[in-house]
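Taking it in order: structure first as structure tokens, then the write-up.
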Amino acid sequence: MTLAAGTGLGPYEILSPLGAGGMGEVYKARDTRLGRSVAIKVLPQELSTDTGRLRRFEKEAQSASSLNHPNIVTVYDIGSSGSTSYIAMELVDGKTLREILADGPLPLRRLVQPAAQIADGLARAHEAGIVHRDLKPENLMITRDGFVKILDFGLAKLVQPESDGARSVAPTLTKGTEPGVVMGTVGYMSPEQASAKAVDFRSDQFSLGAILYEMATGKRAFQKKTSVETLSAILNEEPEPLAVAAPSAPVPLRWIVERCLAKEPEERYASTRDLARDLARLREGLSEASGAGILAMAPSSRRLPWLVPAALALAAGAAIGILATRKGPAPVADYHAVTFRRGTVSRARFAPDGHTIVYGAAWEGRPVELYSTRSDSTEARTLIPNADVASISASGKMAVAIFHDLAPPTLAEMSLAGGAPRGIVADAWRADWTLDGQKLAVIRNNKLEFPVGTVLGAASPGTMLTNIRFSPDGRQIAAIENLRSESESSSVVVFDAASGKKRTVSSGWGFASLGLAWHPRTGEIWFSA
């Protein structure tokens, strides 16, 4: 059914058509009571007798009208005129994301701005127990002034709020939405949708991941010759890595997309609010230097910058922040994730072969354990429980921290080849080997000892030493001084290994303790903060 200009639907006068989709036709109209322009969505005449479609149509209005968020379209009214059912909603002056993507991939700044808004709107819906289930570029409008509006909650399904669990417990009210029936749009639906399983808020995260991938690359993450082949790809294949498809995409964006596109819902974000925060931090942390794949933030910033506690990434150095006097062109690091489980990675070190990685991680709420893996693998081998890695020498000796329930940690030595750890120092677990692997520098009682038993330096008042690493020439030891109170700030400091003289090379960080490394060729200090 096509409505002619001048047609009346209740208090609304149809002006012109705007578009059409599977859930109905959309028109520009005028509200004769308030004298404002609105968008009117009507259910096709031939479907008006389909009670299932009609119920889903009404549910779209109810779902959207229950949300009050600047990035979700506002629903004004729902009604019927004769046999025609309609909803009146906010008229958005702009373009769909599909229209914008017709020109190709988006530059980083044009990508991150709407991406953060989409995630923020979704987070609000998910907190209200509403899942969109049909998120795609056609359902995202971007206004002329840059605001995103999420449209079409026609396939939305009420679930328990995230804080109460995440699985659907409400009875299914609409035909075609129960488990066993595939709903959504091919190419953007999650694996659980594609396999007709029950879905929750994490299904929308997968759809958003596919949209972010398309925004960055200009091509769909999953697109085959037929719908059946596309569904199979969603279930069984990975898209081309962003590092290849969009080399200029910064590492945090790659991690966000990879996490959203995880096949298993448990490997995505536990809360869409966390996803929204990550995208907001990425947006706020952009700088002119981000094109090389590393986010740089001004040292004077007191915001908490981008952190990825649950993923271990390989890089030329170690982390995300970078500082020091360059002695040549900045290296271009290649990143890819090697862990995907839920939890926190604490420390990681390369073995002398350059391919073996030893790291400590606490997965699924369990205590930290020591693992080893290969740079070309995602499989890991457990070495010992209740332990973390401190340092690996050039000869393959490991300094590991052994944690005890009722006693301070012990620093121990063990071989990469295996065997039981041998205790070295009590009440110390942060350490680094000298280049020849014969001596250790350790942090004990908030003092730097080198060699063990000789105090070389100490933390500044109000701070705590948390990481130490030898420079490539062995003459300096970098450390992080972490704040102990809001009145202090974290800094990266360097001790002279012979005299103990200390100098600060970067300060003003709110928190900076998750990574520290020297670049072996440039002499740069890399750290996360």
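For segment 402-453, the fraction of 1.4 Å probe accessible surface lying on carbon and sulfur atoms is 53 percent. Computed over protein heavy atoms with a 1.4 Å probe, the accessible surface of segment 1-153 works out to 43 Å² per residue. The order of 147, 350 by accessible area, most exposed first and with a 1.4 Å probe, is 147, 350. Each of the peptides 117-127, 428-438 was scored by the mean count of other Cβ atoms within 10 Å over its residues; in descending order, highest first, they stand as 117-127, 428-438.
Look at where the Cα atoms of segment 410-438 and of segment 228-257 average out, and the two centres are 39 Å apart. The label-point distance for residue 384 and residue 66, in a model that sets each label 7 Å from Cα toward Cβ, rounds to 5.3 nm. For residue 59, the aspartates and glutamates whose Cα falls under 13 Å of its own Cα, not counting residues fewer than eight places away in the same chain, are 77, 152. Site pair residue 32 and residue 13 shows an inter-label distance of 0.7 nm when each label is modelled 7 Å from Cα along Cα→Cβ. Within a straight-line Cα-Cα reach of under 14 Å, residue 224 can be paired with the following aspartates and glutamates, leaving aside sequence neighbours fewer than 8 residues apart in one chain: 237, 238, 240. The residue 235 and residue 455 beta-carbon pair, evaluated with R₀ = 51 Å, returns a calculated FRET efficiency of approximately 0.30. Within a straight-line Cα-Cα reach of under 16 Å, residue 136 can be paired with the following lysines, leaving aside sequence neighbours fewer than 8 residues apart in one chain: 95, 149, 219.
Using the Cβ-Cβ distance between residue 50 and residue 4 with R0 set to 25 Å, the FRET efficiency works out to roughly 0.55. Accessible surface area normalised per residue over segment 205-257 is 40 Å², counting heavy atoms of protein chains with a 1.4 Å rolling probe. If the chain linking residue 99 and residue 377 were pulled fully straight, counting 0.36 nm for each residue of separation and taking away their Cα-Cα distance, it would gain 96.2 nm.
For residue 503 and residue 263, the difference between the fully extended length at 0.36 nm per residue and the C-alpha to C-alpha distance is 81.7 nm. Amide H to amide H, with H built 1.01 Å from N, residue 524 comes under 5 Å of 519, counting only residues 5 or more places away or on other chains.
The residues of segment 390-529 expose on average 43 square angstrom of accessible surface per residue, using a 1.4 Å probe on protein heavy atoms. Counting protein heavy atoms only, segment 219-274 has 50 percent of its accessible area on carbon and sulfur, 1.4 angstrom probe.
The values are calculated or read from the model by the stated rules, or taken from the named source; none is laboratory data. Keep in mind the model is a prediction, meaning the values are calculated, not measured. Every residue, glycine among them, receives a Cβ derived from its backbone with ideal geometry; neighbour counts consider all protein chains shown. Just the protein is used for accessible areas: all its heavy atoms, side chains included, with ligands, DNA and RNA removed. Shrake-Rupley method; radii C 1.70, N 1.55, O 1.52, S 1.80 Å.
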